[in-house]
Amino acid sequence: MTDDQFDARVAQLAAFANRNPGAYKLRVLLMALLGNAYLAAMLGVIALLFAISLFSIVYLKAIGIKLALVIGAFLWVILRALWVRVAAPEGTPVKRRDCPDLFAMIDQLRRSLRAPRFHHVLVTDDFNAGVVQVPRLGIFGWHRNYLLIGLPLMKALSVDQFKAVLAHEFGHLARGHGAFSNWIYRLRLRWARLIGMLGAVESAGSFLFKPFFNWYAPAFAAYSFPLARANEYDADATAARLTSASTAAAALTNVNVIGYYLGEQYWPQIHRQADDHQQPAFAPFDHLAPSINTDLAPAAVAQWLDRAMRQATAATDTHPALSDRLRALNQAPVSDPPAPGQAADRLLGAALQTITDTFDSRWKQRIMPSWLERYRNVQDGRNRLAELDARALEGELPVDEAFERARLAESIGHNPDAALAQLQALALRAPDRAGIHFALGQLLLSRNDDAGRAAIERAMAQDESAIAPGSEALRDYYARAGRTEDARAWHEKLVERAILEESARRERNTIKANEKFEPHGLDDATIEALRAQLRTIEPAIRRAYLVKKRVLHLPRQVCYVLGFTITGTFRLHDAKKAALVSQTISQTLKFPAETMIFNVEGSNAGFAGKLKKVKTAQVL
């Protein structure tokens with residue numbers, strides 16, 4: 001099902017749900033039961049065949065035993081694939097005795113919503129909160145419930161706003177709140193998890209399930225989509241009922257605005273300290289709440305809020321955009337961060353400082369390798385930028401060095417204006433350099449300058465490898481601008497290109513018996529350099545053939561094939577030695593383009609004759 005087909009189907013079902021909610025829910029129920037019925041039927045058939053094979057041992061003797069072993073192994077593989085083991089979420093557990101106020105809030109919400117009890121309450125370092133059900137019996141359920149609470153989220157919201165967020169999450173799983181909707185909500189998550197698990201399993205038994213699931217998964221997602229989106233609105237209404245509409249609106253607004261602040265200002269400022277300091281001397285989780293109180297400039301808040309409100313609800317996202325959620329609550333956006341000392345993290349009581357210190361310590365340990373790498377790279381980059389700046393004063397730099405200087409001016413010198421001027425001059429000087437146009441386009445788009453679009457599109461036209469990142473850059477630019485249709489169009493191009501590149505990757509990673517090869521077409525100097533490199537490989541290569549593979553996908557991107565032999569006359573083929581030589585070639589030799597390397601002996605001996613027939617193929 002394509003994106004357009006999915007969207008069209010969802011629109012039809014949403015309209016049908018509005019006209020006849022009862023009939024719509026019946027259809028969703030039947031679709032849900034169909035998936036479970038197919039799963040049960042397949043397992044039943046395989047189990048029945050296994051039982052019959054066991055009984056056949058009495059009559060078929062050895063043949064019956066072999067049949068039972070084959071079917072039994074087949075059943076075991078399928079059960080292993082279906083027995084989805086979901087790892088328990090990670091976090092710091094908190095107990096009632098340490099956080100009595102937090103657990104009092106949890107208990108009140110659970111009683112109000114008749115929600116299931118939580119076996120574990122975990123504090124995480126995410127800017128999020130959620131409920132996770134980990135099945136102890138795979139897809140058959142018997143869940144252990146986890147409540148995940150992000151410490152950054154608690155530091156960004158007041159107690160009442162945090163309560164609204166928890167009420168929203170509890171509403172998804174509450175027995176007394178939209179039981180059917182919540183059952184479908186959980187079922188969507190389980191099917192998504194099961195599809196992912198089966199997709200990773202390569203076994204003989206998967207063919208019984210994958211074709212059905214490939215049809216069923218998008219069909220069920222489309223059927224249940226309107227219900228899933230409605231569930232988000234219902235959860236928001238629950239939050240408003242248990243707190244107030246204004247509190248729920250403030251929580252939604254703060255999550256969006258402070259989310260932008262953390263992603264675009266707070267964490268980038270911390271990471272930039274690695275430019276000048278070898279070790280982090282900052283406690284980000286401890287300083288988060290004070291930073292929110294002091295760093296949220298009104299102009300920046302207004303900009304982030306405007307961006308959030310201009311975001312339209314994506315056609316494929318069950319979570320509505322902020323503007324739609326506030327409209328449903330009949331509320332205006334209100335950015336109202338908690339006053340100093342009034343953030344929801346105080347609900348953690350005696351455990352707050354210990355958890356905060358632990359998260360800061362873990363952050364320092366986790367980030368230390370990348371921090372040191374950034375520090376060294378920045379110092380090297382500054383030295384290189386100073387050298388290039390000095391040489392630029394003496395005369396015009398070569399194009400490659402001028403391009404390097406422009407990139408360093410932006411990334412290391414933090415001087416985007418100078419980088420922009422240099423890139424604009426370079427684009428005129430080297431109009432055929434796709435990398436320059438792409439860098440110019442990225443910089444312009446980051447400044448919300450629409451001129452960047454033409455530069456990105458020019459780079460994509462000049463270099464196929466720029467199509468995927470260019471589509472992504474344009475999609476994100478239009479999404480930030482609230483131009484949903486344009487963003488969607490570029491997203492579709494990105495997906496289309498990703499599929500094409502994946503097909504090309506698979507094509508270039510396989511050699512088939514009916515493969516077609518062509519002469520490599522390289523000049524004598526290149527072949528002589530390659531020949532010299534091949535002679536240095538140990539164990540010695542006896543023969544080597546270089547050809548061009550005829551490819552269907554991305555034919556302008558050349559794919560070479562290098563076949564080699566190492567076995568001497570009257571010697572047995574050594575597959576392990578051949579694999580080692582192949583690895584050595586791939587790691588040490590430089591080829592003019594992507595090259596597949598394989599040994600044309602043993603089971604691949606038939607390819608040696610095909611390669612020999614290609615003109616100029618033998619290079620050693």
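The values are calculated or read from the model by the stated rules, or taken from the named source; none is laboratory data. All figures in this text were calculated on a predicted structure; none of them were measured in a lab. Virtual Cβ from ideal backbone geometry, glycine too; neighbours counted across all protein chains shown. The accessibility values were calculated without ligands, DNA or RNA, using every heavy atom of the protein model including side chains. Shrake-Rupley method; radii C 1.70, N 1.55, O 1.52, S 1.80 Å.
Here are some notes:
- Taking a ≥ b ≥ c as the square roots of the Cα gyration tensor eigenvalues, the stretch 3-134 comes out oblate, since a/c reaches at least 1.5 and a/b does not exceed b/c.
- Shape of the stretch 394-507 from the C-alpha gyration tensor: oblate (a/c of 1.5 or more and a/b not above b/c, with a ≥ b ≥ c the square roots of its eigenvalues).
- On the beta carbon distance between HIS120 and ALA300, with R0 = 56 Å, the FRET formula returns roughly 0.90.
- Here the label points at ASP400 and ASP432, each 7 Å from Cα along the C-beta direction, are separated by 1.7 nm in the simple model.
- Calculated log₁₀ intensity ratio I(q)/I(0) where the Debye formula runs over C-alpha points of the stretch 467-620, q = 0.12, 0.17 Å⁻¹: -0.61, -0.95
- Counting 0.36 nm for each residue step from LYS612 to GLN279 and taking away their Cα separation leaves a gain of 114.0 nm.
- Normalised per residue, the accessible area of the chain is 52 Å², obtained with a 1.4 Å probe and no contribution from ligands, DNA or RNA.
- Cα-projected label distance for ALA498 with GLU464, points at 7 Å along beta-carbon direction, nm: 2.0
- Estimated at 0.36 nm per residue, the fully extended path between ALA392 and TYR59 surpasses their Cα-Cα distance by 110.8 nm.
- Within the chain, helix-based [θ] at 222 nm, where runs of 4 or more DSSP H residues each add -39,500 (n - 2.57), nearest 500: -21000 deg cm²/dmol
- Per-peptide average of other Cβ atoms within 10 Å, ordering 370-378, 236-244, 214-222 highest first: 236-244, 214-222, 370-378
- Debye log10 I(q)/I(0) at q = 0.11, 0.12, 0.22 Å⁻¹ for the stretch 326-464, Cα point scatterers: -0.69, -0.75, -1.25
- Full-extension gain in nm, ARG542 to ASP7, via 0.36 nm per residue minus C-alpha separation: 186.7 nm
- Accessible surface of the chain, 1.4 Å probe, proportion on carbon and sulfur as whole %: 55
- Applying the Kirkwood pairwise sum to the alpha-carbon positions of the stretch 211-369 produces a hydrodynamic radius of 18.6 angstrom.
- Distribution of pairwise C-alpha distances over the chain, 20 Å bins, in %: 14, 37, 37, 12, 0
- Listed residues ALA402, PHE209, ASN18: farthest to the positive end of the dipole of the chain (Cβ charges): PHE209
- Euclidean distance of C-alpha centroids, the stretch 395-426 and the stretch 222-240, integer Å: 50
- Residue-wise HN-Hα couplings along the stretch 356-371, as the Karplus relation 6.51 cos²θ - 1.76 cosθ + 1.60 with θ = phi - 60° gives them from phi, are 4, 5, 5, 5, 5, 5, 5, 4, 5, 5, 5, 8, 4, x, 5, 4 Hz; Gly and Pro carry x.
- Centroid-to-centroid, using Cα positions, the stretch 520-577 and the stretch 443-477 are 38 Å apart.
- Annotation for TRP215 and PHE16: the two label points, set 7 Å from Cα along the Cα-Cβ direction, are 1.7 nm apart.
- All lysines inside 21 Å of LYS364 as judged from Cα atoms, apart from same-chain residues fewer than 8 positions distant: LYS155
- Surface/4 estimate of mean projected area, convex hull on alpha-carbon atoms of the stretch 561-620, nm²: 4.5
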